[in-house]
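Below is one structure; the comments refer to it alone.
Just so it is clear, none of the values below were taken in a lab; they were calculated from the coordinates. What you see is a predicted model; the values in this text were computed from it and never measured. With ideal geometry, Cβ positions are generated from the backbone for all residues, glycine too; neighbour counts draw on all protein chains shown.
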Amino acid sequence: MTTPPTKNDGVIADPDAVCDNSGENTLRIVQQVRQAFREGKHERGCTLAHNAIESGIRHPVLYYLRALGKGQREEYQEALADFENARALAPHDPILIEAFGHCLTMLGRFRESVESFDGAIALRPDFVRAHYRKGVALGLLNELDEMRAAHRRVLEFEPSNTDALASLAFIAARKGEIGDARTLGEKAKKVSPRHGIAGIALAITDIHEGRYSAAEKHLAGILSEHSGNQDGRLNMALGFAADAFDRFGRYREAFALYAEINARRRRIHEGRFASCRAIEEVKMLTESARHSGMQEVRPSQKSSGSGGHTFLLGFVRSGTTLLETILAGNPQVVASDEHDFLADAANEYLHGKGDLQQLASLDNEALERWRSHYWRAVRATGFAVEGKVFVDKVPLNSIRLPLIARLFPDARVLLAIRDPRDVVLSAFRHRFNMYPASFEFLQLDDCARFYVAVMQLVAATRQKAAYLPVHEIRYEDLIGEFDCTIESACTFIGIDWNVSMRQFQSASSIIDRRSQSAAQVQRGLYRGAVGQWRNYAEQLKPALPTLAPWVERFGYPQGQPGL
């Protein structure tokens with residue numbers, strides 16, 4: 001995840017500076033741990049640090065180095081706890097603060113990580129690594145101008161820093177600034193000929209210039225050179241190269257690169273997710289929902305104080321972010337933007353074979369305790385829902401529909417629908433943070449089967465919980481018949497149509513844009529996303545039979561003859 005510093009940047013580099021009464025034994029152990037890391041014996045260093053901490057020794061270097069070991073094993077949540085313990089002992093150490101920020105980045109908490117990097121930079125303005133990693137986090141927030149500023153700052157301290165040069169080349173390539181991208185990319189490659197991101201930036205410039213063979217040659221070399229590389233930034237950059245192929249109609253090359261990226265990511269993460277698959281849990285829930293009597297009796301529900309309660313569900317890439325942003329433009333609406341308020345209840349009732357039956361047996365008092373828990377979490381996050389319609393948008397809360405039906409029978413459900421072929425293609429192409437559900441997107445056939453499993457669970461729950469109001473919103477209708485489609489959604493959730501909803505792009509300032517679809521929402525209504533699967537019809541052939549029943553069920557045309 002990071003490496004111990006070699007210069008005296010703070011107390012982490014100078015363990016004697018922590019306190020005068022650490023004791024000779026403690027300082028001896030700290031020096032042994034540091035020496036192991038200096039010699040590249042990281043596993044031994046981590047073991048020594050762990051044993052010392054378990055024996056009761058508290059020292060920031062020990063927590064810091066044990067955290068590094070956990071980070072190397074991708075145990076970032078556990079590493080974060082160690083970094084927090086180290087910071088409690090050395091709160092003004094810039095190296096600790098920077099390492100803490102990097103761990104937050106790896107956990108997907110990008111805004112917090114930027115704040116941590118800023119804290120490190122305030123203590124040491126010439127901290128190059130903090131400037132660079134701040135830029136990486138800003139890039140993951142899609143704030144390219146701020147990312148560029150951070151990496152230009154790196155060059156002020158280190159003019160030949162290849163990571164910063166490559167990053168700036170990549171930003172220029174993404175922005176279509178082809179001349180700058182080539183100049184910066186070639187400068188980085190001159191210093192470091194095998195730099196992957198610099199090579200990808202040059203490949204994107206080749207694609208823009210129509211030099212497709214040259215681009216493929218660049219990318220083939222990078223894939224070969226970095227075949228075992230676990231740097232997520234490299235896969236992200238390769239993804240943008242694939243997007244560039246797609247933009248210029250080179251669909252065969254684009255799909256091959258998407259598939260390669262996903263195969264690389266799958267190799268990295270299969271140890272964490274392959275043995276406990278999300279699809280199996282969804283299938284188990286579907287069977288439980290079909291055979292449970294939990295939804296046959298409508299439970300009572302007390303008022304929450306909100307003016308209405310709506311769950312916005314759907315499969316990922318079905319248009320939920322677009323729809324939420326439109327609704328958030330209405331002053332009668334408060335939108336959640338993917339804050340998860342059902343996690344505790346889901347952990348209690350949605351992971352074991354008998355859990356739904358246990359949920360069915362809850363009396364009204366127990367149900368009300370869970371509802372109160374939910375609304376406390378909503379208000380603790382800062383949402384003022386009194387008198388407003390609260391829209392809770394987490395797309396794959398679709399998997400939790402049995403729980404929603406039981407806890408919130410008076411809530412309304414907006415279900416986003418999109419052509420299943422477009423949905424699966426888009427999920428397969430997208431670079432999600434890795435979690436159990438997104439692991440299912442890394443192979444096309446897995447993604448198609450997971451889509452079907454989720455839709456079957458939704459259908460089974462709707463059949464049992466017939467009292468639960470559900471209104472389907474089709475992405476294609478949203479694009480083609482905006483006013484009519486949104487007016488119907490407004491009527492369903494109990495708000496008035498407001499003309500300001502047509503200027504939905506401005507609503508991105510109303511809600512905290514956490515979704516990875518946010519950048520696409522900024523483009524407005526994009527008709528090119530409708531029927532996009534046809535560009536990849538040949539590559540999608542293996543998945544089409546799996547999706548065909550749901551294509552037919554939702555009323556989409558089956559496609560071209562022979563497909």
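At a glance:
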item	result
Segment 116-259 shape via C-alpha gyration tensor axes, a/c threshold 1.5	prolate
Qualifying aspartates and glutamates (Cα of each under 19 Å from Cα of Lys217; at least 8 residues distant if same chain)	Glu186, Asp206, Glu209, Glu225, Asp243, Asp246, Glu253, Glu260
³J(HN,Hα), Karplus 6.51/-1.76/1.60, whole Hz, each residue of segment 71-78, x for Gly, Pro	x, 5, 8, 6, 8, 6, 5, 5
Residue-averaged [θ]222 nm for the chain, counting only DSSP H segments that reach four residues, each worth -39500 (n - 2.57)	-18500 deg cm²/dmol
Share of Cα-Cα pairs in segment 18-76 lying beyond 16 Å, as whole percent	36
Amide H contacts of Arg418 (H built 1.01 Å from N, under 5 Å, at least 5 apart or other chain)	Tyr475
Computed FRET value (nearest 0.05) for Glu75 with Arg211, which takes r as the C-beta separation and R₀ as 35 Å	0.25
Mean Cα-pair separation over length for segment 350-469, i.e. relative contact order, pairs under 8 Å, 6 or more apart, %	30
With Cα atoms, 0 to 90° folded angle of helix 420-429 axis to the chain main axis	0
For segment 331-441, convex hull volume per residue from C-alpha positions, Å³	142
Long-range HN-HN contacts of Arg412 with modeled amide H, under 5 Å	His309, Thr310, Phe311
Filter on Lys70/Lys175; Lys393/Lys464; Lys70/Lys134 - keep pairs with C-alpha separation over 25 Å	Lys70/Lys175
Ratio Rg/Rh, restricted to segment 76-130 and using Cα atoms, in which Rh is the Kirkwood radius	0.95
Cα-only radius of gyration and Dmax that characterise segment 61-155, units Å	12.7, 38
Residues of segment 411-440 with amide N under 16 Å of a point placed 7 Å along Cα→Cβ from Asn142	426-427, 429-433
Eligible aspartates and glutamates near Lys388 by straight Cα distance, threshold 20 Å, same-chain separation 8 or greater	Glu324, Asp337, Glu338, Asp340, Asp410, Glu487, Asp496, Asp512
In sequence order, calculated HN-Hα J values of segment 270-282 (Karplus, 6.51, -1.76, 1.60; Hz; x Gly/Pro)	5, x, 8, 10, 5, 8, 9, 8, 4, 5, 5, 5, 5
Backbone HN-Hα couplings from phi across segment 118-129 [Karplus 6.51/-1.76/1.60, Hz, Gly and Pro as x]	4, x, 5, 5, 4, 7, 9, x, 9, 6, 4, 4
Separation of alpha-carbon centers, segment 92-108 and segment 445-504, rounded to whole Å	40
Approximate shape of the chain as ellipsoid semi-axes (Cα gyration tensor, √5λ), whole Å, largest first	42, 32, 23
